[in-house]
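Data block below; observations after.
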Amino acid sequence: SDASVVAGTQPNRYGSVRLRERPANTATGVANRLRDRNSMFGSSFSPIQPEVANMLSQINEHRKETAVLAENTGVMSDKYYQCLQGYTSIQEPTSAFWKRRYFVVAENTMFLYTNECSRVPTDYLEIGTIVRSPRDAEDEVLMPHSLAVDFGSGDYYMYFDTLDMMRAFQGEISKSIEAA
C-alpha cells in the first residue's frame with residue numbers, strides 16, 4: 001500500500017520502521033530497484049556455476065532435439081491419434097525414482113510427456129535400441145502390470161494402469177522390433 005504524508009504530520013510509521021513513499025513514476029521505481037539489485041551483487045557476481053550452465057544447455061539442446069524429432073515423426077499432428085498412447089510410470093536405470101509419464105509410441109520411438117496436455121515431449125526412447133524383448137518385472141518391482149525394457153543403457157522399469165495397456169505396449173514394441 002502507498003504511504004502518504006498528511007500536511008503538518010509525520011510520515012506514517014509501522015512499529016519502528018518508517019514507510020517509504022512510492023515514487024510517482026512506477027517505471028522509474030522499477031528501474032531504480034533493478035539498478036540497486038545489480039549494484040548489490042556487483043559485476044563479478046555469477047549466479048550460475050559453469051558446470052550448471054553447461055548442464056542446463058545440454059538439457060535445453062536435448063529438449064529441442066526431442067521436439068524436432070516429434071515434429072518430424074508426425075506425433076504432433078493428426079497421426080498422433082493413430083498411435084498407441086497412455087500413462088505409464090517409468091524408472092530409468094540411473095534413477096531410484098518413478099516418474100508418471102504420458103507416452104506415445106510412433107515411428108519406432110516412444111515419446112514421453114509430463115501429461116497428456118503437454119504439446120512437446122520431455123524425452124524419447126528409440127525402440128530400435130532395445131537389446132532384448134520386454135520381460136515381466138512384477139517380481140522385481142513388486143507392482144502389477146510391470147515390464148523391464150533394456151534400451152541399451154540398462155533396464156527401464158515401467159508399470160501400467162491396466163493389463164490391457166501393458167499387453168498393447170508389448171505388442172507395439174514387438175511389432176517395431178520385428179520391423180527393424
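Below, the figures for the structure above:
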quantity	calculated
Residues that are out of contact with any strand residue (DSSP E or B) (no Cβ under 7 Å at 6 or more places or on another chain) and not in a strand (DSSP E or B), drawn from the stretch 119-135	Arg119, Val120, Gly128, Thr129
Odd one out for Leu147, checked against (1) assigned to a strand (DSSP E or B); (2) closer than 21 Å to Ile59 by Cβ; (3) aliphatic (A, V, I, L, M)	(2)
Pairs, first free of Cβ contacts under 8 Å to residues at least 24 places away in the same chain and polar (S, T, N, Q) in the stretch 106-121, second outside any loop (DSSP other than H, G, I, E, B) and open to solvent by less than 60 Å² (accessible area, probe 1.4 Å), C-beta under 8 Å, six or more apart	Thr114/Arg101; Thr114/Tyr102; Asn115/Tyr102; Ser118/Tyr102
Identity of the residue in the stretch 150-174, in contact with a helix residue (DSSP H, G or I) (Cβ under 6 Å, 6 or more places away or on another chain) and part of a strand (DSSP E or B), that ends up nearest to Leu84 (Cα to Cα)	Phe160
Conditions (1) buried (at least 18 other Cβ atoms within 10 Å of the Cβ); (2) of a type in the set (S, T, N, Q); (3) within 25 Å of Lys64 (Cβ to Cβ); (4) free of Cβ contacts under 8 Å to residues at least 40 places away in the same chain; number of the one not met by Ser146	(3)
Subset of the stretch 60-86 that is farther than 13 Å from Val120 by Cα and surrounded by 15 or more Cβ atoms within 10 Å (Cβ to Cβ) - its residue that is modelled with the highest pLDDT	Gly86
Single unsatisfied condition, Ile90 versus (1) out of contact with any Lys or Arg (no Cβ under 6 Å at 6 or more places or on another chain); (2) at pLDDT 75 or above	(1)
Count of the stretch 138-154 residues which are more than 14 Å from Ile90 (Cα to Cα) and under 23 Å from the mean Cα position of the chain (by Cα)	2
Val104 closer than 21 Å to Ala70 by Cβ, surrounded by 20 or more Cβ atoms within 10 Å (Cβ to Cβ) and of a type in the set (Val, Ile, Thr)	yes
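The values are calculated or read from the model by the stated rules, or taken from the named source; none is laboratory data. Since we're looking at a predicted model, the values are computed, not measured. As a convention, Cβ positions derive from the backbone with ideal geometry for all residues, glycine included, and neighbour counts pool all protein chains shown. Ligands, DNA and RNA are stripped out before the accessible areas are found, and what is left, the full protein with its side chains, is counted by its heavy atoms. Shrake-Rupley method; radii C 1.70, N 1.55, O 1.52, S 1.80 Å.
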